[in-house]
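Single-structure report; data block below.
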Amino acid sequence: MKFSISREALLRPLTLVAGVVERRQTLPVLSNVLIEIDGDQVALTGSDLEVELIGRTVASAVEQPGAITVPARKLMDICKSLPEQAELQLSVEDSRVLLVSGRSRFTLAALPAAEFPGIEDTEASQELSIPRGTLKRLMDATAFAMAQQDVRYYLNGMLLEMQSGLLRAVATDGHRLAMCSRELEVNVDEAQKLIVPRKGILELSRLLDDSDEPVSLTLGPTHVRAHTGDFTFTSKLIDGKFPDYERVIPRGGDKVMLAERAELRQVLSRTAILSNEKYRGVRLYLEAGNLKVMANNPEQEEAEESIAVEYDGPAMEMGFNVGYLIDVMSVLGEDRVQMTLADPNSSALLEEPGGGDSLYVIMPMRL
């Protein structure tokens, strides 16, 4: 294998593909990126056996096609450190990869391409085409609520639900829930529910932009595959039953508060500085026209701030994890936020005034 390529043509797909590669691997070949040359096409593949990403780019000259795997991080760091517009030449010599650029010369350890494990193809049960911006919005609006390392493994991911005319993303870690829905001109033979693991969601979101260009989704019984531009992304699905989120969404709350989102976020961020570092609890005291935010910690330090709000119901006091409230303020798209409550012990429902495409549920804390 021997080919030449510009630094920029190699760096963008390599950076995204290297994001999939885990630093600590059970198989040495999994810390490598697979480079395949076919014609003038260069395909770069990274995998951790759960998520696989293939990026494609074009070589400026190919002397000999072939395939080899090289350490992903080292190759990426070398490319980043070379000057802009540099021309790179890669060739295989004695089971090592030689990279030459100008006066720079690097020899990298390599492993045979045959050792690189691929994610097996499964039969597709459904194919859809969705605007990239729509799918990115659904993920970005809900991803923060995914659990990280919960023993309830089905919470360590995001539920993507597809019905005719509707696409919905739901994430929960058991203490809060985020849901975003978009109407779509898609026809689905039967409603589909997939749980995509956390890492798959984060990597797929990095690939997408806010454009109306389509991303093609192929749904299988155990995998989801997305084709977007020069990238093919594949993720295993989590085999489990996602909680019935409809039952978690509080209905019938009659106490509605409206506040300026950015101002409330700043108040919460400042008050959070003196909250208990472990539990992150703040007390909200809501009365007509005013919301008081209070926090204290084991060192007897206290913070208190008030903010003008639209509210004319009875006075209430409740406790919440301040990090959960700030997360919601960070992803809402409107300038104002609406909070609906039933009583101090029930969950809060947060959304854009009048609805919007997303809603958030936060369970209260006892303080």
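The values are calculated or read from the model by the stated rules, or taken from the named source; none is laboratory data. Predicted model, so just to flag it, every value in this text is computed and none were measured. All Cβ positions, even for glycine, are placed from backbone atoms using ideal geometry, and neighbour counts span all protein chains on display. Side chains included, ligands, DNA and RNA excluded: accessible areas come from the protein's heavy atoms. Shrake-Rupley method; radii C 1.70, N 1.55, O 1.52, S 1.80 Å.
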Odd one out for R182 among (1) under 30 Å from S4 (Cα atoms); (2) of a type outside the set (V, I, T); (3) not in a loop (DSSP other than H, G, I, E, B): (1)
Just checking, how many residues over segment 144-162 are open to solvent by 20 Å² or more (accessible area, probe 1.4 Å) and either touching a residue at least 12 places away in the same chain (Cβ under 8 Å) or closer than 19 Å to T234 by Cβ (or both)? 7
Count of segment 303-327 residues which are open to solvent by less than 40 Å² (accessible area, probe 1.4 Å) and either within 14 Å of G281 (Cβ to Cβ) or without any contact (Cβ under 8 Å) to a residue 40 or more places away in the chain (or both): 9
Heads up, the strands (runs of 3 or more DSSP E) in segment 271-356 (entirely inside) with at least 1 residues that are farther than 19 Å from L177 by Cβ are 281-287, 290-296, 302-308, 316-321, 336-341
How many residues does segment 23-74 contain that are under 22 Å from F106 (Cα atoms), in contact with a Pro (Cβ under 9 Å, 6 or more places away or on another chain) and either assigned to a loop (DSSP other than H, G, I, E, B) or not hydrophobic (A, V, I, L, M, F, W, C) (or both)? 5
Unmet criterion (only one of (1) modelled with pLDDT of 95 or more; (2) of a type in the set (S, T, N, Q); (3) not in a strand (DSSP E or B)) for Q89: (3)
Return yes or no: is V293 out of contact with any helix residue (DSSP H, G or I) (no Cβ under 9 Å at 6 or more places or on another chain) and either buried (at least 17 other Cβ atoms within 10 Å of the Cβ) or among the small types (G, A, S) (or both)? no
In segment 63-94, anything of a type in the set (V, I, T) and in contact with a Gly (Cβ under 7 Å, 6 or more places away or on another chain) is listed as V92
Flagged in segment 163-213 as among the polar types (S, T, N, Q) and either free of Cβ contacts under 8 Å to residues at least 40 places away in the same chain or open to solvent by less than 10 Å² (accessible area, probe 1.4 Å) (or both), in numbering order, are Q163, S164, N187
Residues being among the hydrophobic types (A, V, I, L, M, F, W, C) and open to solvent by 20 Å² or more (accessible area, probe 1.4 Å) - total across segment 120-142: 1
Matching entry among T222, T234 (being within 20 Å of the chain's Cα centre (by Cα), open to solvent by 40 Å² or more (accessible area, probe 1.4 Å), of a type outside the set (D, E, K, R) and closer than 25 Å to Q148 by Cα): T222
